[in-house]
Amino acid sequence: MTIKANSLLLAFFLLFAGTLARQQQQLNQCQINRINALEPYDSIQAEAGVTEFWEPDNQQFQCAGVEFIRHRIQPGGLLLPSYVNTPLMSFTEQGRGIQGVVLPGCPETYESGSKQQFFDPSKRRGQRVQDRHQKVQNLNQGDVAAIPAGAAHWIYNDGNTELVVVVFFDAQNNANQLDANHRRFFLAGNPQAQSQQHQEQPGRQQQPGRQQQPGRQQQQPYDNAGNIFNGFDVEFLVEAFNVDRETAEKLQGQRDQRGHIVRVQQELQIIRPPQSRQEEEREQRGRDNGFEETICSLKLKENIDNPSHVDFVNPQAGRISNLNNDKFPILRRLQLSAARGELYPNAIQSPRWMLNAHNLLYVTHGSMRVQIVNNQGESVFNDELRKGQVVVIPQNFASIKRASQEGARWISFRTNDNAITENLAGRVSAIRSLPVDVVANAYQVSREDAQKLKYNQQQTTLFSPSSSKGQGQWASA
Amino acid sequence: MTIKANSLLLAFFLLFAGTLARQQQQLNQCQINRINALEPYDSIQAEAGVTEFWEPDNQQFQCAGVEFIRHRIQPGGLLLPSYVNTPLMSFTEQGRGIQGVVLPGCPETYESGSKQQFFDPSKRRGQRVQDRHQKVQNLNQGDVAAIPAGAAHWIYNDGNTELVVVVFFDAQNNANQLDANHRRFFLAGNPQAQSQQHQEQPGRQQQPGRQQQPGRQQQQPYDNAGNIFNGFDVEFLVEAFNVDRETAEKLQGQRDQRGHIVRVQQELQIIRPPQSRQEEEREQRGRDNGFEETICSLKLKENIDNPSHVDFVNPQAGRISNLNNDKFPILRRLQLSAARGELYPNAIQSPRWMLNAHNLLYVTHGSMRVQIVNNQGESVFNDELRKGQVVVIPQNFASIKRASQEGARWISFRTNDNAITENLAGRVSAIRSLPVDVVANAYQVSREDAQKLKYNQQQTTLFSPSSSKGQGQWASA
Amino acid sequence: MTIKANSLLLAFFLLFAGTLARQQQQLNQCQINRINALEPYDSIQAEAGVTEFWEPDNQQFQCAGVEFIRHRIQPGGLLLPSYVNTPLMSFTEQGRGIQGVVLPGCPETYESGSKQQFFDPSKRRGQRVQDRHQKVQNLNQGDVAAIPAGAAHWIYNDGNTELVVVVFFDAQNNANQLDANHRRFFLAGNPQAQSQQHQEQPGRQQQPGRQQQPGRQQQQPYDNAGNIFNGFDVEFLVEAFNVDRETAEKLQGQRDQRGHIVRVQQELQIIRPPQSRQEEEREQRGRDNGFEETICSLKLKENIDNPSHVDFVNPQAGRISNLNNDKFPILRRLQLSAARGELYPNAIQSPRWMLNAHNLLYVTHGSMRVQIVNNQGESVFNDELRKGQVVVIPQNFASIKRASQEGARWISFRTNDNAITENLAGRVSAIRSLPVDVVANAYQVSREDAQKLKYNQQQTTLFSPSSSKGQGQWASA
């Protein structure tokens, strides 16, 4: 009996130790000694697409309080309307589509047909549908969309190729008053239908350093995401929508087996903005007329690949575009920003740190070597980062990037609407800001060498491989 | 001895498990599967009134980081001056009184007698007292008062009936830099005197789902609230106030047995604003003269039952008044807002969610059925909410209300100074914002039925029972 | 074997209990029953100075989310460039020096020689060095410097006496997105070199009430702080700085044995602002020209001992100077402020509480009796606070100060850029704000005594000892 009691205790204890380990992580969640390049650890298949999830419990996400997913929507697929408890930014990696964002109190400005014809359901059966709805926006490759916490949104793939959209959630954002977990509330469908069938991916990545926590129920993403209409009594919905019971039951979608991305039966008829960028922007400008402060008139997307956004160009090394609160005013409310970077083959980005934001990197083309350094001066990441992989560089951690032979391109998301970077090397950098005698004494070098440290690198931010004597040596590292 | 060691371990372990359970709740404190209608779980009786407490450890309060209490002050009762570490909003449910809020650095603008006569204690013994003090405000039924964190305040019941005031505390507010527990610091009296005698109410509600936590000392409200003067040496107080030792001891109130609400011996002589609302408002306006930005000139109360505040009226269904940062500017600093709602018998409020705030509901008249739905599409609350009961609807959780045969009226407090609601049904709603083809495909209905979902409910926010085909069916649910 | 298992369990358990105790502290971290006057608990010696650390795990620091250290830099000593993840304020207690703060994107406005001569390393070998760098600032006794989170900074002692600088870090500040631990990232040197040799001070203070936590690894300050260049491959640095491998290795400082404060070989040649305060201020003013909003033109230091900053003077009692967001605009961004106080022998500061900030006190001269009271009316601190000691007064906790026979002088740091204090006694105080009848009834005194409580103390904030009948009595307490 003693043994038994002990076993019982031990069992409890292990269960316990697991949960406790998790707790400590919370308290000291940025005591990071090891970061890994992450790929999706799980996915949920639906009728017309799949959503892939990066493991939210990974320490780098926990430290930054962010989450990351990727939607792959087939042509004709519709990601059902839903909202989340965090502000989010998305990036359209591939394909094209239409996105609707529902903003409370904003007018339904998109109308079909002539304005005189008011809707009359009894007359128009079978005819082309008269409709009005809130504005929708085209999504094209390179578009960054920004959506406030709690605002419902949907995406429809109206192209001929898979639409790939990555999404960044800032769960630590002030706008989220729930606990720091990303939660999705669906307005339609039956997301559980598919998610109960989901399986771990065969190629699922086992993260080194990630400990299985015995007492912890591994929660699957969207396992328990549901349609909010499902939680209301049908009778309430009958009353609220003034429809018959059968239609009200459709709102709840209990018999819906399509999952969270559904196949549209015929092409969606949506009143939509013009496809060409010029037209769209002209229309956009036209709508700003003195009341631009309201959220209804703010632009919710901006193409980060638009050449006008390029902030740094080095024809030998690459280029960087930033979308901050200045260029994309909705970001002021979301306290987020984004950047797009490109390094040509073997080019290097200055070693640097970010003063006021975490920085999530997602590689869209090629690959690069990235090194990340913590406050102990330890390399916590020193690896290739390949297309489709993610790392989070926590606030203040130092990093450096060097493109592979094929070059590299990435999108990065920052937890500040005006993320500030300090370079360590180059024409605008910390080393240049220091008096030469401080450099000489700090590094125990001669004034002459101190001057070399300050002035030898005459490029800014992005350095061409030819600028370096050391080129080639690195390859052997 | 082995057994003994085991028992000891087991005992420790249980103690442990209790505290741990609590910890996990903290980490995942909005993983809510069940919400209950709450009534006070405890109360503290004082000489001239009682304060009732809602259990702060209940999960819905923990998730939202808010607390809630109700003062019942007898005629002639004075709630002693105190301050708390959170901003608060109160609502006068019944009766009338006078409230003083002490704002550091604001002038003592209320003076008795002519201004020439300056106070001279040696001369005026026995005469009518000359006095000056900071402005005080009348409290009438329907008044919402807003008090910054740390500002001392007191309430006096100068009416003939019990004065009932409910108070909402936002412990997660940025203004509170202490941990997320509501703390009250008294400036007078001996609150412990009574609270040591307090007992659990006979009708104390045992919340289903609330686990007794073995290792946790149940902390009683105000058990250990005390008079801050009690912590200073009397000699310090003698010096600071330049009074004799006997008077200084009175500040500490150690022999005071009256508790935190005391009976005033004769009617309070207070210089006070005019009683009629018109006069009061005229005076208020008069005082705003170009320096309204200072907190000293901000209004600290606003009557939410004032018809001018009504935002939505449906003569068949009810009405809603909001007090946000626009109508009640002090709320901008407090990052809180309030709303007053009324539903006529059997009327329904649109299903909806709040984008950016938690929402605490307190019913003041009648009763209503409320349903609350979490992100899993589960109904976490589906019950009658009666006069005197509270529920918290966490941010983003969906809800619907339907008044009983007697109708319902409530006050709600929100953790955002401009709380934004999205309706799911009705003339201004998410469903109207969606293109009809998105509706048809999301819910697997025909375009015709999609149009019905969008347009059949032509009322806004509040729906009359007659508008529904389903009326009557609901009663049998 | 049973015994063994038990022992094992017990061992685990103790380890466990330790970590758990720490966790609970986190949840209820401001449930303070005892505060102690703190002196440094640890220090790290370097070649040309020492840094002393106050124990960050002490409950008063945990509650406030702040940390505190003191640098003692020898003449000719250079505190190596570093940045931290929190905003900080420092106070120069003794000596003089030069401080550089590196602000990203700000111009290198300090240039040596004529502007026409551009740097050419090949020509100028051995000549006086041409250089340009960002502005630097003189540090003199009484200077408060404010540095944003993540901004690199260094200090050089160019005087003849030890330079003593105390530094306050606000780890709970919004600007820190990492967990609530203060982290220092060095840009040079090998801080570990010395810190591995550091030992606990012989006179180390054992804090009563501080429990040794068996399972917790006591982390030593800077034990694991390191040079961020050390985490990059040398080959990367060769490329990035375009220097030879030997120089790049110097950046990493692996063979550097000097620690974090190094001895400068010859006097530093730095282009610096004029030494006299008048000249410096004139220059400062000259630079403000319509673009003052950018952080580049904001002043980063202000002398709090400058007589123009004195806010309260009582020639018999003492004086108080505040540096808030108004007088020192950088504080608006940092959400911090500072105050300097002086009490003449035996004078008293009004009992008071701070509405919206924690308050850290550091005594620079003399000593004073301080009492601190929590919401339970308990004295949590009642002791002499001597030169070099620290206490934290948590938000809303009441306190009183009385200088010893030698008088007292202190600097205090607040976690709000406009910290608001409410006095309990004196000409501007809570007691004066209350109607006399509220005072009489609250404290059960006659109206006459109530008037005495309100009006007997006619001084403001600081009270001369002679103003009190009770003087002398206190000494016997």
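Just so it is clear, none of the values below were taken in a lab; they were calculated from the coordinates. It should be emphasised that the depicted structure is a prediction, and the values quoted were computed from it without experimental measurement. FYI the Cβ positions are ideal-geometry reconstructions off the backbone, even for glycines, and counts take in every protein chain you see.
For segment C:380-468, the alpha carbon convex hull comes to 136 Å³ per residue, rounded to a whole number. Packing here is the average count of other Cβ atoms within 10 Å per residue, and on that basis the peptides A:54-65, B:295-306, highest first, run A:54-65, B:295-306. For peptide B:368-380, the mean count of partner chain Cβ atoms within 10 Å of a residue's Cβ comes to 6.
Sorted shortest first, the separations between the C:GLU406 label point and its copies elsewhere in the assembly read 7.2, 7.2 nm; each point sits 7 Å from Cα along the Cα-to-Cβ line. 3J(HN,Hα) along segment C:396-408, derived from phi through the Karplus expression 6.51 cos²θ - 1.76 cosθ + 1.60 where θ = phi - 60°, amounts to 6, 5, 7, 8, 9, 10, 9, 5, 6, 4, 8, x, 8 Hz, with x in place of Gly and Pro. Listed peptides A:44-53, C:80-89, B:155-164 appear in the order C:80-89, A:44-53, B:155-164 once ranked by packing, highest mean of other Cβ atoms within 10 Å at the front. Take each residue of peptide A:314-327, count the partner chain Cβ atoms within 10 Å of its Cβ, and average: the result is 0.
Rounded to whole numbers, the Karplus 3J(HN,Hα) couplings from phi for segment C:79-90 are 6, 4, x, 7, 9, 10, 7, 10, x, 9, 10, 10 Hz, using 6.51 cos²θ - 1.76 cosθ + 1.60 with θ = phi - 60°, and x at Gly and Pro. Every Cα-Cα pair of segment B:339-440 was included, and the share exceeding 18 Å stands at 48 percent. Once you treat every alpha carbon in segment B:419-465 as an equal point and sum by Debye, what is log10 I(q)/I(0) at q = 0.25, 0.28, 0.31, 0.34 Å⁻¹? Debye curve over Cα of segment B:419-465, log10 I(q)/I(0) at q = 0.25, 0.28, 0.31, 0.34 Å⁻¹: -0.85, -0.98, -1.09, -1.20. When each of C:ASP383, B:ASP42 is scored by the number of other beta-carbon atoms lying within 10 Å, the sequence from fewest to most is C:ASP383, B:ASP42. Taking every residue in B:350-359 and counting other chain Cβ atoms within 10 Å of its Cβ, the average works out to 5.
What separates the B:ASP311 label point from its copies, with the point 7 Å along Cα to Cβ, is 3.7, 3.7 nm, written shortest first. Model label points for B:ARG427 and A:LYS299, set 7 angstrom from Cα along the Cα-to-Cβ axis, are 3.5 nm apart. Each Lys and Arg Cβ is given +1 and each Asp and Glu Cβ -1; about its Cα centre, segment C:353-477 then shows a dipole of about 320 debye.
Which of B:LYS135/C:LYS452; B:LYS299/C:LYS454; B:LYS135/B:LYS250; B:LYS327/B:LYS387; A:LYS301/B:LYS401 have a Cα-Cα distance over 29 Å? Going by Cα-Cα distance, A:LYS301/B:LYS401 fall outside the 29 Å limit.
Distances from A:PRO107 to itself in the other copies, using label points 7 Å out along the Cα-Cβ axis, amount to 4.7, 4.7 nm in increasing order.
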